[in-house]
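Rule-based calculations on the coordinates, nothing more; no lab input. Since this is a predicted model, take the numbers as computed values, not measurements. Glycine gets a Cβ as well: all are built from the backbone with ideal geometry, and neighbour counts include every protein chain shown.
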Amino acid sequence: MVGTKRHRELFGTYLLLLPSFLIFFLYRIIPLGWNLLLSFQKWQFNRPNLWQGLKNYIAMFQDGVFWQSFYNTILYFLGGSLISIILAIGIALLVNRPIRGRNVYRSIIFMPYPLTAIAIAIIWRWLYNEKVGLINYILRMLGIVDQGVPFLQSFGWALPSVIFTSIWQIVGYFMIIILTGLQSIPDVLYEAGIVDGVSPSQKFAYITLPLIRSSIFICFVVGIINSFTMFDIIYTMTNGGPGNSTEILVTYIYKNAFTFSRMGYASAITLAMFIFLLLLTWLANKLSGGEAGAVHYYG
Amino acid sequence: MVSRRTPKIVAHFILFLISLIMIVPLYWVFKTSLTGENLLLYPPSLIPKNPSIFYFVDVYYAIPFARFFFNSAVVSAVVVLFNIVFNSMAAFALRREFPGKKLIILIYLSCMMIPFHATIIPAFLLTKSFGLLNSHFGLAFPLLSTIICIFIFKGSFDAIPTSLIDAARIDGMRNWKMIYKIFLPLSKPAIATNVILPFIWSWNNFLWPLIIIQKQEMQTLPLGLSRFNSLYEQATGPLYAYCLMVVAPILLIFFLSQKNFISSLISGAVKG
Amino acid sequence: MNAFPQTSRRLIQVLTNRYVITVLLIVLTIFIWKLHVQANDNGYIRGTVVDENGSGVAGATVLLQERDLVIVEAPTSTRTDENGRFIFEEMSLVSFFIWAEKDGYITAQKSPYHLYFKEQNFTLPEPITLGRE
């Protein structure tokens, strides 16, 4: 009796897990393996695939565009996420204070985050426009430049411009994450600091900063994933930019797979990107002092 | 609160400036969609002169807006519904002890590290072999369940006392009824998160529709916006109107439920 | 008996919910708009052609050209009656140019108009003026 009842319960449990597990199995786990398999092949439509061995990988390491995309992705992370985190910490500290209307500020600064990336990309594309863009208009009005700066068309400006848009979108999100972390710091610690006579900068460095380590780590991870997956914005704003200057790994993968139909090669790049992502995350974890920067969190 | 070097006025000033930077682009879009002005010809004005909704009308007919909206809405609705169902089921199951539980949790956690963008090629081939290209369900399929949302439900479910479950079991309640009648009603915030997060992800989804939709009439709103952008690049008025029409639902939900909205998006990150 | 005030209280609770109100408002707006469109969608466009003195010009050719974001269509035309009035029927467009011409008169300028929905009934707010040559 007990045996069959346990069996039934077990079966029921597995049944409950089945749908979600199926989705992940089909669309996360299998693709990893499939990518690996594909990366060793040369994809031909209507013909069986050729086995290439490591040819795709060799080609990848020799591909200048691949390294450019790799480099750009790192730049996105360093330029975009790091600056965003620093800005977000500053803003969060300001919003955390008991000033009137801080919820309004909080909502307004957060607002760009959930908006559709395509819409944001189009909006900013027009803001950056050389002739009719608002930014150039203001620059011209202030007399800083004579003619419009071709932000998205010049090799030097394209990447920073796209990074700025990305910062614009994500800083509100980081701000909220850090704000949550700030608000969980017990006041008692600050009061102890006052008793000990610490200066404001010491207070920040020794009390605040370590205790929001966990939030900063979260921002790091989100930032890493964001810079790897910024497909929408780049595709719409520059599509790789003047000569690959804004190309990141994802957009290059997309081009190879669906425009050039080199699916085998694209799979190789995908795997490289994935490994790189894991490495960066592991590095971020190490830098936050391990354990995902966890502090005495109430959980 | 402990006072800092910077007085309140300075804090207000900085925050105001930053809020301005956040709002100006959005206000600009709003204004241009009403007046379609061209900075090359006229200096910009703060308030829209001669506002009209004609650009919105143009966009409505130039693309089949109703159709695209319908596509996006259907896919999002399906995604939200299945997410709630599947995720609550999984979270409920994870509450028990059973052989292989640690393994399953490990697998789920590691799936979180695999971003969607690393799976696009096989996902495309898979969906193609299912014959689900150009279909609503094909669009929804990869998003029907997300690990983050499962753990959000789990957090909420774990807080429900075991005594409640035992009492229900004694009454002979089956699993499904238990989830529906006990767990879900007690987890309203988790449900809200499970509605908001999947909705935003599916409404804003661009890469996946770009990959699997080739038929004009099955496009979703963001995909349509992108195609519109490449066709009608010069027409700012209609383009901006389209942008507004795409983000309007999200803005609406945002204004209606700010606190819930923000906390949902945060728990999405924190649980990860 | 006891359930009655409870259900009505719950009903009020549901109705004053933010989300429900928003959804209802949206549905209501769409419904009213659809009614308005239904009542006004015969698709005619009419107006008058006058000369400089304001009297109707009979027998003038009125041309209507549909404006699209991309395509430029060929114009359709019709004639004015003895009072200078004209009407285009069964039109299904949203944005157009309209002008008139007649022998012995200067062809009028193309005037742009924009409707709110296709097949909207539209009467030109001011008459098309033809100046004498």
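Using the count of nearby Cβ atoms within 10 Å as a rough guide to exposure, how do A:6, A:97 rank from fewest to most?
Details: A:6 11, A:97 16.
Least crowded to most crowded, the residues run A:6, A:97.
Between residue B:96 and residue A:103, what is the label-to-label distance in nm when each label sits 7 Å out along the Cα-to-Cβ direction?
4.3
Cross-chain or 8 or more residues apart, Cα under 24 Å: how many lysine pairs in chain B fit that? Count them up, please.
Taking chain B as the scope, the lysine pair count is 16.
Could you calculate the contour length gain from residue C:55 to residue C:111, that is, 0.36 nm times the residue separation minus the distance between their Cα atoms, to one decimal place in nm?
Here the answer is 18.2 nm.
Out of the trypsin sites (Lys or Arg not before Pro) in the stretch B:185-272, which ones are loop residues according to DSSP with at most 15 other C-beta atoms within 10 Å? Show your work: numbers first, answer last.
Numbers: sites: B:215, B:227, B:259, B:271; in loops: B:215, B:271.
Sparse-neighbourhood loop trypsin sites (Lys or Arg not before Pro): B:215.
If I model a spin label as a point 7 Å beyond the Cα along the Cα-Cβ vector, how far apart are those points for residue B:186 and residue B:214 in nm?
Roughly 5.2 nm, to one decimal.
Compute the length gained on full extension between residue C:32 and residue C:19: take 0.36 nm times their separation in residues and subtract their Cα-Cα distance, giving the result in nm to one decimal. Mind dumping the intermediate values first?
Working: separation 13, 0.36 × 13 = 4.68 nm, distance 1.99 nm.
2.7 nm is the gain from fully extending residue C:32 to residue C:19.
With springs connecting C-alpha atoms under 10 Å apart, model chain B as a Gaussian network and identify which of B:182, B:196, B:170 has the largest mean-square fluctuation.
Maximum fluctuation in the GNM of chain B, among the listed residues, is at B:170.
When the Cα atoms of the protein assembly as shown are enclosed in a convex hull and the volume is divided per residue, what value in Å³ results? Display every interim value, and only then the final one.
Values: hull volume 175.7 nm³, N = 704.
Cα-based convex hull of the protein assembly as shown, divided per residue, equals 250 Å³.
If each residue of separation counts as 0.36 nm, what is the full-extension length gain between residue A:286 and residue A:199 once their alpha-carbon separation is subtracted? Each step should come with its number before you reach the end.
Working: separation 87, 0.36 × 87 = 31.32 nm, distance 2.96 nm.
My answer for the length gained is 28.4 nm.
Dividing the convex hull volume of the Cα atoms of the stretch A:57-293 by its residue count, what figure in Å³ per residue is obtained? Provide the component values of the computation, followed by the final result.
Working: hull volume 36.2 nm³, N = 237.
Taking the convex hull of the Cα positions in the stretch A:57-293, it is 153 Å³ per residue.
Taking the number of other C-beta atoms within 10 Å as the exposure measure, put B:30, B:151, A:70 in order starting with the fewest.
If I rank by nearby Cβ atoms, fewest first, I get B:30, A:70, B:151.
Indicate the helices, whole DSSP H runs only, in chain B that combine a mean Kyte-Doolittle hydropathy of 0.0 or more with a Cα extent along their long axis of 27 angstrom or more.
The answer, listed by residue number, is B:8-35, B:65-93, B:236-256.
Amide H to amide H, which residues 5 or more places from residue C:120 or on other chains are under 5 Å from it, using H placed in the peptide plane?
C:93
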